[in-house]
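The values are calculated or read from the model by the stated rules, or taken from the named source; none is laboratory data. Given the structure is predicted, the values throughout are model-derived calculations rather than measurements. A quick note on method: Cβ atoms are made from the backbone with ideal geometry, for glycine too, and the neighbour counts reach across all protein chains shown. All accessible areas refer to the heavy atoms of the entire protein, side chains included, with ligands and DNA or RNA removed. Shrake-Rupley method; radii C 1.70, N 1.55, O 1.52, S 1.80 Å.
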Amino acid sequence: MGAHVANRLLLHIGTQKSGTTYLQRVLAHLSGQLKGDGVLYPTRLQGRREIYNHEAAAYGLLGTAAFPWVPAAKAQGQTSAWDRLRRKVAEWEGTAIVSGEALSVIDAAAARRLVDALGVPNTQVIITARDLGRVLPSSWQQHIRNGRSTSFTSYLNQQADRRGHGSPRQLTQRWDSDPEQTFWRAYAIGGLVERWAPLARTVSVVTVPRRGAGPDELWHRFRRALDLGPVLPETPPAIDDIAANVGLTEPEVLVLAALNREVDSAKADGRDMRALRSRLVREAFAPRADRGAPIHIPDSWLTRVRGWADDDLAMLRSTSAVLVGPESDLEVADSPGPPHTPLTDDVARAAGAALAVLAGLGDSRSPGA
């Protein structure tokens, strides 16, 4: 360990699906400038690919016990990345920023191990959070992009079963003791704050703006939470949307689910299929002008999901967390319109775009151009 230690650690722990990739890419883009101003945001190269966050490095410290979806060999392969990250923070004399969205899923014991290993007494935790009305559709979408074919209704039923019943505090204790409860450990915001509060000087919760807010509003809120003053620019650098993360519409997710359903489950979760789905998202879906309707919580589920969010918010209010952004951004909004079934034409157009790319005939112009 070096002779110094960072005098302040800003630890951004997620959550997933809250603009983390975008924020991390902004910080990576600014890392050279930040270093000159006394702020460390470590990045590294893996082959020709820039690793712009610190999630994988945390695998090397905490392993599969903290991250059940990470194979043991992959976690073991990240031990040197963790050692480099820890050493960089230990040797830095100013402010260090560490960001990994999956840190929000780890239990209390793993969180303490991580903070202790980084060894910065002045640790401040930053959480970026969306409401469950946006998180659940986004999480289901990722579920499909990872090779599953579960319907949205079945997925909601699974999450309801995993959440269970009881007071927010009882549920939080139960989730913390169950290695498989990664979803609710992360997205029940009150419990997440309570888990990390004993490890930090402060915990800030940055609410993710709803659609219609200014394009830079998430950055503005995150910048306030980091509290680095003029070191961070008010206007963030432009980040390519596809590079940051592309959200899918309901017809597009249904096409991927149907594709996964036709493939052996082991192969659907394999590297080749992941690459294929990424290609379809990047080349067939993202460039389309008319992509169909976004995914929304079905009306039949709104009351239940809103109740979950209200319970979690009540627990959040009992903590000392600093809220950056309006609390209303963590409430579940009403359905934007009447119930609908994805139009056959919308699904067919998404499927046609995918087939065209696979056949080498793709055209990124708007449909009918």
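Per residue of the chain, what 222 nm ellipticity follows from adding -39500 (n - 2.57) for every DSSP H run with n ≥ 4, rounded to the nearest 500?
The helix-only estimate for the chain comes to -14500 deg cm²/dmol at 222 nm.
The dipole here belongs to the chain: it is taken about the Cα centre, uses +1 on the Cβ of Lys and Arg and -1 on the Cβ of Asp and Glu, and is about 800 debye.
Note the per residue figure in Å³ for the convex hull of the C-alpha positions in the range 112-163.
133
Loop-located GluC sites (Glu not before Pro) in the range 187-290 (DSSP state other than H, G, I, E, B) with a sparse environment of at most 16 neighbouring Cβ atoms within 10 Å: GLU234, GLU262. Using C-alpha pairs under 8 Å with a sequence gap of at least 6, the mean separation divided by the residue count of the chain gives a relative contact order of 22 percent. Model label points for VAL322 and LEU302, set 7 angstrom from Cα along the Cα-to-Cβ axis, are 3.6 nm apart.
Among the chymotrypsin sites (Phe, Trp or Tyr not before Pro) in the range 69-126, those placed in a DSSP loop whose Cβ has at most 12 other Cβ atoms within 10 Å are TRP69. Here's the picture: charge each Lys and Arg Cβ at +1 and each Asp and Glu Cβ at -1 in the chain, and of THR303, ALA6, THR344 the one pushed furthest to the positive end of that dipole is ALA6. The range 60-155 gives an Rg/Rh value of 1.04, both radii derived from C-alpha positions and Rh following Kirkwood. For the range 192-244, the solvent-accessible area with a 1.4 angstrom probe is 50 square angstrom per residue.
For the chain, which whole percent of the accessible surface, found with a 1.4 angstrom probe, sits on carbon and sulfur atoms? Walk me through the intermediate numbers first.
Numbers: 8430 of 17140 Å².
Of the solvent-accessible surface of the chain, carbon and sulfur hold 49 percent.
Largest mean-square fluctuation among ARG201, ARG49, ARG288, in a Gaussian network model of the chain whose springs join Cα atoms under 10 Å apart, belongs to ARG49. Using equal-weight Cα scatterers in the Debye expression, the normalised intensity of the chain in log10 at q = 0.09, 0.13 Å⁻¹ is -0.53, -1.15.
GNM remark for the chain: springs join alpha carbons under 10 Å apart, and the peak mean-square fluctuation among LEU323, LEU23, LEU228 falls on LEU228. Normalised by the number of residues in the range 27-120, the mean separation of alpha-carbon contacts (under 8 Å, six or more apart) gives a relative contact order of 30 percent.
Candidates ALA238, LEU316, PHE285 compared by Cα position along the dipole of the range 169-324: farthest toward the positive end lies LEU316, with charges placed on Cβ.
What percent do you get for the relative contact order of the range 178-334 when only Cα pairs under 8 Å and 6+ apart count? Kindly include the intermediate steps, with their values, before the conclusion.
Values: 112 pairs, mean separation 69.6, N = 157.
It comes to 44 percent, rounded to a whole number.
Between ILE51 and ARG44, LEU45, GLN46, the built amide H atoms are under 5 Å apart, and every one of these is 5 or more places off in sequence or on another chain.
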